[in-house]
1. Report the gain in length on full extension from residue 231 to residue 191: 0.36 nm times residue separation, minus Cα-Cα distance, nm rounded to one decimal.
2. Can you put 284, 138 in order of Cβ neighbours within 10 angstrom, beginning with the fewest?
3. Based on the Kirkwood radius over alpha-carbon pairs, what value in µm²/s does the Stokes-Einstein equation return for the translational diffusion coefficient of segment 238-306 at 10 °C and 1.306 mPa s?
4. To the nearest 0.05, how large is the calculated FRET efficiency for residue 376 and residue 450 if R₀ is 30 Å and r is the Cβ-Cβ distance?
5. By per-residue mean of other Cβ atoms within 10 Å, what is the highest-first order of 332-343, 95-106?
6. Normalised by the residues of the chain, what does the relative contact order come to in percent, with Cα pairs under 8 Å and at least six apart?
7. Select from segment 211-284 those GluC sites (Glu not before Pro) which occupy a DSSP coil region and have at most 15 other Cβ atoms within 10 Å, ordered by residue number.
8. Taking 51 Å as R0, compute the FRET efficiency from the Cβ-Cβ separation of residue 151 and residue 390 and round it to 0.05.
Amino acid sequence: MSQVGTPERPLRVAIVGAGPSGFYAAHAVLSHTDCGAWVDLIDRLPTPFGLVRGGVAPDHQKIKSVVKAYDKIAACEGFHYVGNVRLGEDVSLDQLLEAYDMVVLAVGCESANPMGIPGEELEGSHSATEFVGWYNGHPDHWDRRFDLSARAAVVVGVGNVSMDVTRVLVQDRDVLGRTDIAAHALDALRDASVTDVYVLGRRGAAQAAFSPGEIKEIAEIDDVDLVVRPEDVELDPASAAWVAQANDKQVNANLAFLREIAGRPVTKPRRVHLWLNTSPIAIHGEDGRVTAVEVGRNRIEDRGGRLAAVDTGERTRIDAGLVFRAIGYRGNPIPGVPFDQRTGTIPNVGGRVTRDGQIVDRLYVAGWAKRGPQGLIGTNRADSRDTVDRMMEDRAKLTNVAREPIAFPNATSWADWETIDAAEVRRGEEAGKLREKFTRVSEMLAALDR
C-alpha cells in the first residue's frame, strides 16, 4: 500500500476558512509538490477572501488587491473551493477528519470584545465589527441599523479598525460612492448628520496602535479637521524612556505627525477628535438610547516593565448618540472544535490543535484562530507556513486508510464564485462603482441560477 502523501496516494487536506490564512495554508500545502496534495478550501459563504472582502474598508482598494495573489493560488493544480458549507452545521469536524488526512482550521475571529462598562447594551452602542460588516455588505450584518442622525459619535480604540470606522463616518460620500461600499450603507451615510467623531485611546501617543498612514489619511480628508490635544503628545517619563529604548519606526512616525498637528486651529465643518490617555467609564442614555459617554483621564505608569494606563479619577462627559467599540476581535466557538474562552482562540501548540492539553491527531489551526487578532494581512503568510511545516513533520505518521470524499450538498465551486464576481462587477458598472456586492447568500445563489 502506498504511503500517504505520494502521487499514488495524494495527501487529502481540508482547510476551513477562505480568508488570507486559509489561502496561504493552501499554497503552503500545494508547494510540497512531492505529496500530490488535494486541498479543499471550505468556507461558510459562497464568496471567498474573508476579511479582505468583508473587513477591509471600501476606500482601501489597494489593500484589497491582494486577492490577485489568491486567484493565482486557486489556479494551482490540486486546489478546490467548497463554498456555502458551514462547519458544525452542514458538516461536523468528525466527518472532516474521517474524509481527510489532515484538517486545518483557519476560521479567524469574527466577534468583538466587549468593553464591560455600564450602558454598553443601550441602543446606539455597537461593535465596530457590525458596522464594518454593514458597510461592506457582509451577509451577517447587511440588515443592521445604525441611527446616523446623531451629531457626535464615539469610537473606542486606536487601532486600524478604529481608523477605518472613523474615516468612513467622515469620508466624502462621493469618494465612497466610487468604491464597492454596500448600496444601503452609502444611502444611509449620504443622509448622516455626524459632524464630530471622538476617538478614544486608553494609553498615550507612544502606544497608539494605528499605522502612520491610517492616521494621516484622516487628516487629509477634505473638510475634516483632525484635532489633537497638545497635552496628549507630551510623553510621561515612562513612555519617553520606552520610546528611546524601542526606537520603533512606526511609533516615531506617529509621534512626529501627532506633534506636528497638535493644537492646530479648528476651521472645518467636520472634526475627528483624538483623545488619548482616555478610557470610557460609562455610557449614559435616555429612553434606552445612548445620549453621552462618560470618560476618564489616565496616566501611564511603569508596572514592572509594563506600561499601564492608570485612572486619575478625572471625568469628562461627551454628548454623543453613537458609540462604536473597536477594541479587538475574538473567535466564536464551533460545535465539536476545542475553544479557549479566555483568549477567544483555538488552543494549540505551534499550530497543532489541543484538547484538554493533549494534541488532537491530524487537526491544525492557522491565522487569527491560532494566535489571536494580531498583525496585518501579510502576517498570515508566515503563520500559515509555520502550521503547514508542522503538518509535513507529522506526515510520516499518517496511516493509509481509505478516505471517502464528502458529497457536500448545496456547495459552490470556484467557477461559481467567478460567476458571482462577474455579476457583482456588472452591477457596479451600472451604478458607477467598482462593484455592487450581493449582500445575502440567497442573492448569490440566485445569481448562479440566472
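Since every read-out is calculated from the coordinates, none of them should be taken as a lab result. As the structure is a prediction and not an experimental result, all values here were calculated from the model. Using ideal geometry, Cβ is built from the backbone for each residue, glycine included, and neighbour counts are taken over all protein chains shown.
1. Result: 10.9 nm gained on full extension.
2. Taking fewest neighbouring Cβ atoms as first place, the list is 284, 138.
3. Once the numbers are plugged in, D ends up at 102 µm²/s.
4. 0.20
5. Listed from highest to lowest mean packing, they are 95-106, 332-343.
6. Normalised by residue count, the contact order of the chain is 22 percent.
7. Qualifying residues, ordered by number: 220, 234.
8. After rounding to 0.05, the efficiency reads 0.45.
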